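Below: the structure, in structure tokens.
The values are calculated or read from the model by the stated rules, or taken from the named source; none is laboratory data. For clarity, every value in this text was computed on a predicted model and none was experimentally measured. Virtual Cβ from ideal backbone geometry, glycine too; neighbours counted across all protein chains shown. Only protein heavy atoms, including side chains, enter the accessible area calculation; ligands, DNA and RNA are left aside. Shrake-Rupley method; radii C 1.70, N 1.55, O 1.52, S 1.80 Å.
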Amino acid sequence: MHALWIVRSDNVIKQYGTGYGNETLRDAIDTKVLKTGKMLTEINEMTDKILLRVTIPYKAEMNNNGTNCLGCHDVQNGDTLGAISMEFDITDMRSAGFFTILKILGLNIIFIIIVLILINHYITPYMKLFSNMQDGITKAYSGDFTHNFTTTVGGDGKQIVSQLNTLFKKMQETFGDIKYNLATFIPQGCVASADPLHEAKTIIGELSDIYKFKKTIERDTSKEVVYTRIIDILLNKFEIEQFAFYEVDTVKNSRKLIYITKETSICHDEVDKKANLCRAYRTKSDVISTEFVNLCQHCSVNDTYYTCIPFTINKENSIAISITSNSEDKINVITTKISSIRNYLEAAKPVIESKILMSKLRDTSLRDAMTGLYNRRFLEEFIETLMGQATRDQSTYSIMMLDVDFFKMVNDTYGHDIGDKVIVEIGKVLQENIREADLAIRYGGEEFIIMLHNADKEGALKVAKKVHDAFGALEFEVGNGETMKKTMSIGIARFPEDGDTIWKCIKFADTALYVAKTTGRNKIVEYTKEMSENSDLR
């Protein structure tokens, strides 16, 4: 012990006085201990020694053990009566502790070195193995299974490495080239992913959907039904909200609107008549409005973004899909789907070609080869359909039966070649004088039928007269510089006014034609009920 002193509290000084000379407060520590009643310690380091200062309060107590400070002191139980301060010289103790710490630290360092040596010998090979395995798995995640696993570990570790190398070799053979093999069916870039296996899974799903789509449309009856399938794909699979679907006739340089999600197209009306005004169709490339301001100058756009996709079916037919949106972000998203949309169009292409060919063959069998008009077979196959539609729509037909007067004499006098020329010219006259909604049919020989859709009595007579006059004005060269003119007779009946079926009205038109023949020929006669009731009129 280096020093020792005692101090009194104010309560003791008040009651008993200041005491001896060394019982006075010496520093702030004494003051703080008397005030707080808590012990304080402090280390004071000097150049030649180190002192430990301890100041301990002593308090007034009254307990059952016989201690009763309150019997002598005028204070409360727990009040601080004073404090004792002690200073200890711990210089030697500090030095000894320091050297002890150094010894412990040295032992710890030696222990750590030994542990590191053991780790390096036993653990490091496993760590290298784990690192090597991690590298291989990282490459495998990117679709690369060519990694070669190596290790210096024996036993089970070496066996695991051998099994991993065998597994990765098989996976490389199985999956290594899967992305490129699948690209045979779907071009690369259609599915963007950093994981080739995920990409392969997505592509296989896409191929499955396309296969189901193709198998479905192969069983459809016409290209029009196939078009509806494509439209359903655009609406439901690709969730395209606004688009127009066009069929383009490359021979006529025209296009026809098949479907549109809203009332009007962004394309100008003149584009339908001149398909090459469509930039996408003319350039055979996708047109994306965000690539350049006012990119297609034959579109009316106000704050509207668009993407147009052209697709060639064959030399005569193409498809054009015009997709629009008020959002640039949406059109950009749709643009990323163009490759997938084309995959479906590619799948549909041979089917559409087949349907077009079958339609042409079908149309050929239903048309007269000489005039290009529909033939009697067409009438027999579709008459019920036409009548059903007319009944539902409450529409009418004016039916004309036409016959060349004394046609047999033409064949007998000038030969069948001249007769064929007459028949061909009749076909031209009929096509030039009826509307697109009307039908012209070669019924047989020199007999023809015209079915005028929703034509009133006055309109039907007007058409009949135009046809009658146009044919009567024709001159046919018959050889040797000679020409010939012919006339025709026309009978008219009306559906459903004259008959409740179109077949009946055809028969009544034939009756009116017969009356025209028997009453002088070269005239137009309208059917009346008296013609069926009075045999003298027939």
Return a yes/no flag: does the range 505-516 have any residue that is closer than 30 Å to residue 393 by Cα and either surrounded by fewer than 16 Cβ atoms within 10 Å (Cβ to Cβ) or in contact with a helix residue (DSSP H, G or I) (Cβ under 6 Å, 6 or more places away or on another chain) (or both).
yes
Filter result for residue 438 (surrounded by 13 or more Cβ atoms within 10 Å (Cβ to Cβ) and in contact with a Ser or Thr (Cβ under 6 Å, 6 or more places away or on another chain))
no
The range 249-276, residues that are assigned to a helix (DSSP H, G or I) and open to solvent by 40 Å² or more (accessible area, probe 1.4 Å):
270, 272, 273, 276
All conditions in (1) within 27 Å of residue 91 (Cα to Cα); (2) modelled with pLDDT of 90 or more; (3) of a type in the set (Lys, Arg) are true of residue 35 except (1)
In the range 50-75, how many are open to solvent by 60 Å² or more (accessible area, probe 1.4 Å) and in contact (Cβ under 8 Å) with a residue 60 or more places away in the chain?
1
Identify, please: which residue in the range 327-366 is of a type in the set (A, V, I, L, M, F, W, C) and touching a Phe, Trp or Tyr at 6+ places or on another chain (Cβ under 9 Å) and is, among those, farthest from residue 382 (Cα to Cα)?
331
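Is there a residue being polar (S, T, N, Q) and surrounded by 14 or more Cβ atoms within 10 Å (Cβ to Cβ) anywhere in the range 101-121?
No; the residues of the range 101-121 include none that is polar (S, T, N, Q) and surrounded by 14 or more Cβ atoms within 10 Å (Cβ to Cβ).
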Any chance the range 229-247 includes a residue that's more than 25 Å from residue 351 (Cβ to Cβ) and touching a strand residue (DSSP E or B) at 6+ places or on another chain (Cβ under 9 Å)?
yes
Tell me, which residue of the range 148-160 that is open to solvent by less than 90 Å² (accessible area, probe 1.4 Å) and modelled with pLDDT of 85 or more is nearest to residue 173 (Cα to Cα)?
149
Could you list, in sequence order, all residues of the range 277-315 that are farther than 27 Å from residue 236 by Cβ, touching a strand residue (DSSP E or B) at 6+ places or on another chain (Cβ under 7 Å) and either in contact (Cβ under 8 Å) with a residue 60 or more places away in the chain or part of a helix (DSSP H, G or I) (or both)?
279
In this structure, is residue 443 open to solvent by 40 Å² or more (accessible area, probe 1.4 Å), out of contact with any Leu (no Cβ under 7 Å at 6 or more places or on another chain) and of a type in the set (Ser, Thr, Tyr)?
no
Is it the case, given these coordinates, that residue 363 is open to solvent by 20 Å² or more (accessible area, probe 1.4 Å), out of contact with any Leu (no Cβ under 6 Å at 6 or more places or on another chain) and under 27 Å from residue 517 (Cβ atoms)?
no
